[in-house]
Amino acid sequence: MPAVTVANPVVLPRITRPGLDATDRAPRTIVTAHKQMEGAGFEVRRPFPSADLRGADPFILLDHLGEVAYEPHEAKGAPWHPHRGFETVTYLLDGVFVHHDSHGGGGTIAEGDTQWMTAGSGVLHDELPSEELVVNGGWFHGVQLWVNLPRSKKWVDPRYQDLRGSELTLLSSDDGGSLVRLIAGELDGHSGPGWTHTPITYAHASLNPGARLSTPWPADFTAMVYVLSGSGRVGHEGRPLREGQLAVLGHGEAITLIADDKQDNRTGAWEVLLLGGQPLNERTVQYGPFVMNDEQEILQAIQDFQAGRMGTVPAEHASPGRPGS
């Protein structure tokens, strides 16, 4: 099932349909995510960065993990690795992920939960499927979003937010045919639980077959729609958008989505992410897990990691071949 579900969305607060004077954001670019292997050997679909979409300010990367039914001992994760200069937001629809970090923190997130890690000045961490998922197999589906930090906050101390599915702000479209889970930012005056350094809005919407979702969107934010599953149309012109595709929207104050009348997927709904934020308009240099503002800061990040200044793997998690072992 897709994260948090509600038997009767019509009892939820409604998103007000934008007025006729609101400019609808038309699709400017549609990108199909490419596939690649990450971590210890799991496949992700990545719409950006890619040859078709190199920049998505204030976002750095979007990875779609699954939807996949793992066989026993098939599930893999991302062993210990560093980050500096941005935030990782991991949202699970299915499965269980376990996290540890070099500061002694950690936690478990399951379907509907979000782990928000501000890497800031630097941290080592791992992200692994639960032992039960590895041993028994099962469904896994999730998304990881990298949110850039402004130059003034690149060196903040690492921090974590474990957002449970029960904490998400749940909303309904004005016609009652869509469930919207607001993770962070504001949507039509409603606020999500995630606290952000960079102003963004991040939500997961499920549109029933034939349903329409029209929502206000901040005019000074970028706007994108990524399809997790199913198919539909975006914008007044009705551009088709299917699983694994990302629509980058133009200027305006509203987003319009219409689900196709038939959805051939597990949930029976069109599953989409709505995301956008206030552009930082700063020079960005990325080298793997480091996202800084110039090449010298990247070199410093590499040196700090190699010298152990981003922390070391706790002894109870160290093993041959891992950093810090």
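Which net charge results for the neighbourhood of Asp304, defined as the other residues with beta-carbon distances under 12 angstrom from its beta-carbon, given Lys and Arg at +1 and Asp and Glu at -1? The partial results should precede the final answer.
Working: positive: Arg84, Arg309; negative: Glu297.
Taking every Cβ under 12 Å from that of Asp304, the sum is +1.
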* Asked: Using alpha carbons only, how many degrees (0 to 90, rounded to 10) separate the axis of helix 295-306 from the longest principal axis of the chain?
  -> 60
* Ranked by Cβ crowding within 10 angstrom, fewest neighbours first, how are Phe42, Phe140 ordered? -> Phe42, Phe140
* Asked: Once the dipole of the chain is set up with Lys and Arg at +1 and Asp and Glu at -1 on Cβ about the Cα centre, which of His125, Phe86, Ala269 lies farthest towards its positive end?
  -> Phe86
* **Taking Ile15, Ile200 and counting other C-beta atoms within 10 Å, the order from fewest to most** => Ile15, Ile200
* To do: Report, in whole Å, the centroid distance computed from the Cα atoms of the stretch 274-316 and the stretch 3-49.
  => 26
* Report, in deg cm²/dmol and to the nearest 500, the calculated mean residue ellipticity at 222 nm for the chain, where each DSSP H run with n ≥ 4 adds -39500 (n - 2.57) and the sum is divided by the residue count. => -1500 deg cm²/dmol
* **Rounded to the nearest 20 debye, dipole of the chain from Cβ charges on Lys, Arg, Asp, Glu** => 500
* Structure fact -> Charge tally for neighbours of Asp63 with beta carbon under 9 Å away, counting Lys, Arg as +1 and Asp, Glu as -1, is +1
* To do: Sorted from largest down, give the three principal axis spans of the alpha carbons of the chain, whole angstrom values.
  => 58, 46, 33
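Values in this text are rule-based calculations from the coordinates and carry no lab data. Since the structure is predicted, the reported quantities are computational estimates derived from the model, not experimental observations. Reconstructed Cβ throughout: ideal geometry from the backbone, glycine too, with neighbour counts over all protein chains shown.
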